[in-house]
């Protein structure tokens with residue numbers, strides 16, 4: 001076995017991850033001429049940070065809102081308190097959103113997010129069901 005050079009890339013709190021997440025806004029702007037509000041999930045804040053940066057460049061009047069599980073409101077608290085508030089035991093079925101903001105994402109969310117929505121577990125399930133039904137209808141694939 002040889003020596004390997006590796007670079008650790010944080011899944012949310014990395015400038016390249018944040019920049020690449022912002023490409024979502026470019027795709028949305030291309031498809032929807034009058035898009036002025038985007039709701040995005042928030043865990044570590046990488047997606048919302050990227051969305052905010054890209055929206056500022058492409059559609060400065062676009063409002064970005066964060067949706068966070070009601071049982072894991074650490075991002076909302078972090079933005080309010082202007083410090084990273086960790087939540088040691090988040091209570092949510094959205095396991096991908098059980099992460100805290102980072103030193104890069106906190107100031108970006110403070111600057112770019114217009115507000116927060118706390119979502120309950122049942123709302124998360126309904127959104128997942130909605131997306132599943134629409135995606136299977138569009139691509140004709142069967143998911144199990």
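Quick look at the numbers
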item: Options 57, 75: the member that is surrounded by fewer than 20 Cβ atoms within 10 Å (Cβ to Cβ) and either assigned to a helix (DSSP H, G or I) or modelled with pLDDT under 95 (or both); result: 57
item: Considering residues of segment 29-49 that are more than 14 Å from the chain's Cα centre (by Cα) and part of a helix (DSSP H, G or I) only, the residue surrounded by the most Cβ atoms within 10 Å (Cβ to Cβ); result: 29
item: Residue within segment 105-124 that is touching a strand residue (DSSP E or B) at 6+ places or on another chain (Cβ under 7 Å), surrounded by 10 or more Cβ atoms within 10 Å (Cβ to Cβ), closer than 24 Å to residue 10 by Cβ and free of Cβ contacts under 8 Å to residues at least 40 places away in the same chain present; result: no
item: Scan of segment 1-26 for residues that are under 21 Å from residue 128 (Cβ atoms) and assigned to a helix (DSSP H, G or I), ordered by number; result: 21, 24
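The values are calculated or read from the model by the stated rules, or taken from the named source; none is laboratory data. Because the structure is predicted, anything quoted here is derived from the model rather than measured. Cβ atoms come from the backbone with ideal geometry, glycine included; neighbour counts cover every protein chain shown.
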